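Q: After the structure tokens below, expect a handful of questions from me.
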């Protein structure tokens, strides 16, 4: 009898140990699944402005002003930017640059009054009788060495003659709370809708990503040092000032409860977004929604 009691106790101990191991394995599996889910929904500010699409749109514009109108028109699928997360698409300003043998544009947006951020530069050069177009994303938004290069015949670049004809370089006269009469505020589209709008487009293969600029003589942007301090959207390489602001003003797109809690912070930081806490992640329950009805009948669509 004594032997049977001892054997029973041993079995109970073995089963208990097996139960603990199984419980630990289930917890680990859940955490792993949770992390993988959050990884698939992480977004950054740069996800609202596809530079391949921006480059393509620039080559199909008639002038700098026309380019600006297209970037902010209700029918475009390029601009879905919302840096200060006020649920309104940012108005993108275009500054034309004339620099030696190069011509190009600098794109900026105002996050608040007097707080302006350069987004990217687009440079046009002639190389071996062809047009060479080089786009560089601002490192705060896109990270270091984020370039795109496109070559084509000069005749395919609609604004080529405009760029080299004699004229005063265009500089946007619009700004914070000062927009064209046709302008209306608009909500950003969902991350999925935005990506779907660019899937399979010809510029996906024509405009090639590179780690270095292909420009022979990189132009100097007049907006090079314009770095906004009040950006809430997660950045890939924020400055110290931007990081400090974001730590005090967390991104409102952090999901509360479910798959988006504290675990998503680790995912964000591990992907090199450069932000602390909630700044490194976004969830499927983000601010993005469908287009607002205010966009209809407007020549300008969104911005601040």
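Q: Condition check: at pLDDT 95 or above and under 27 Å from residue 229 (Cβ atoms). Does residue 50 satisfy that?
A: When the stated conditions are applied, residue 50 passes them.
Yes or no, residue by residue, for (1) over 21 Å from residue 231 (Cβ atoms); (2) surrounded by 24 or more Cβ atoms within 10 Å (Cβ to Cβ):
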| residue | (1), (2) |
| --- | --- |
| 62 | yes, no |
| 96 | yes, no |
| 109 | no, yes |
| 114 | no, no |
| 122 | yes, yes |
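Q: Further question on the same structure: Name, by its number, the condition in (1) at pLDDT 95 or above; (2) within 22 Å of residue 56 (Cβ to Cβ) that does not hold for residue 195.
A: It fails just one condition, (1).
Q: Here's another thing I want to ask about it. Can you name the number of the only condition in (1) at pLDDT 95 or above; (2) over 19 Å from residue 117 (Cβ atoms); (3) within 18 Å of the chain's Cα centre (by Cα); (4) buried (at least 16 other Cβ atoms within 10 Å of the Cβ) that residue 186 fails?
A: (1)
Q: Turning to a different aspect of this structure: If the requirement is being surrounded by fewer than 18 Cβ atoms within 10 Å (Cβ to Cβ) and in contact with a strand residue (DSSP E or B) (Cβ under 7 Å, 6 or more places away or on another chain), which of these qualifies: 210, 205?
A: After ruling out the rest, the residue left standing is 210.
Q: Further question on the same structure: Tell me, yes or no, whether region 126-138 has at least one residue that is surrounded by fewer than 24 Cβ atoms within 10 Å (Cβ to Cβ), touching a residue at least 40 places away in the same chain (Cβ under 8 Å), out of contact with any helix residue (DSSP H, G or I) (no Cβ under 7 Å at 6 or more places or on another chain) and not in a strand (DSSP E or B).
A: No, every residue in region 126-138 fails to be surrounded by fewer than 24 Cβ atoms within 10 Å (Cβ to Cβ), touching a residue at least 40 places away in the same chain (Cβ under 8 Å), out of contact with any helix residue (DSSP H, G or I) (no Cβ under 7 Å at 6 or more places or on another chain) and not in a strand (DSSP E or B).
Q: Evaluate the following for residue 87: is it part of a loop (DSSP other than H, G, I, E, B), surrounded by fewer than 24 Cβ atoms within 10 Å (Cβ to Cβ), out of contact with any strand residue (DSSP E or B) (no Cβ under 6 Å at 6 or more places or on another chain) and in contact (Cβ under 8 Å) with a residue 40 or more places away in the chain? Full working, then the answer.
A: On the way: part of a loop (DSSP other than H, G, I, E, B): yes; surrounded by fewer than 24 Cβ atoms within 10 Å (Cβ to Cβ): yes; out of contact with any strand residue (DSSP E or B) (no Cβ under 6 Å at 6 or more places or on another chain): yes; in contact (Cβ under 8 Å) with a residue 40 or more places away in the chain: yes.
It is true that residue 87 is part of a loop (DSSP other than H, G, I, E, B), surrounded by fewer than 24 Cβ atoms within 10 Å (Cβ to Cβ), out of contact with any strand residue (DSSP E or B) (no Cβ under 6 Å at 6 or more places or on another chain) and in contact (Cβ under 8 Å) with a residue 40 or more places away in the chain.
Q: From the residues in region 147-161 that are outside any strand (DSSP E or B) and more than 29 Å from the chain's Cα centre (by Cα), which one is surrounded by the most Cβ atoms within 10 Å (Cβ to Cβ)?
A: The first filter runs over region 147-161 and keeps only residues outside any strand (DSSP E or B), leaving 154-161.
Restricting the remaining residues to those that are more than 29 Å from the chain's Cα centre (by Cα) gives 154-155, 161.
Numbers: 154: 13, 155: 9, 161: 11.
Top of the filtered list is 154.
Q: So, one more: Could you please find all residues in region 162-176 being part of a loop (DSSP other than H, G, I, E, B), out of contact with any helix residue (DSSP H, G or I) (no Cβ under 9 Å at 6 or more places or on another chain) and closer than 25 Å to residue 114 by Cα? Even if it seems obvious, please write down each step before you answer.
A: So in region 162-176, the residues part of a loop (DSSP other than H, G, I, E, B) come out as 165-170, 172-174, 176.
Of the ones still in play, those that are also out of contact with any helix residue (DSSP H, G or I) (no Cβ under 9 Å at 6 or more places or on another chain) are 165-168, 173, 176.
Within region 162-176, 168, 173, 176 meet the criteria.
Q: Tell me whether region 195-214 contains one or more residues that are more than 15 Å from residue 51 (Cβ to Cβ) and outside any loop (DSSP other than H, G, I, E, B).
A: Yes - at least one qualifying residue is present in region 195-214.
Q: For region 224-252, which positions are under 16 Å from residue 108 (Cβ atoms), buried (at least 20 other Cβ atoms within 10 Å of the Cβ) and in contact with a strand residue (DSSP E or B) (Cβ under 9 Å, 6 or more places away or on another chain)?
A: Within region 224-252, 228, 231 qualify.
Q: Give me the pairs: first residue in region 162-190 and without any contact (Cβ under 8 Å) to a residue 40 or more places away in the chain, second residue in a loop (DSSP other than H, G, I, E, B) and crowded, with 16+ Cβ neighbours inside 10 Å, beta-carbon distance under 9 Å, and six or more apart or on different chains, which are they?
A: 167/63
Q: Which ones in region 60-84 are within 25 Å of residue 44 (Cβ to Cβ) and not in a loop (DSSP other than H, G, I, E, B)? I'd like the intermediate steps shown before the answer.
A: Looking only at region 60-84, we keep the residues that are within 25 Å of residue 44 (Cβ to Cβ), and these are 67-68, 70-74, 76-84.
Across region 60-84, the qualifying residues are 67, 68, 70, 71, 79.
The values are calculated or read from the model by the stated rules, or taken from the named source; none is laboratory data. Quick caveat: nothing in here was measured; it's all calculated off a predicted structure. We place every Cβ from the backbone using ideal geometry, glycine too, and count neighbours over all the protein chains shown.
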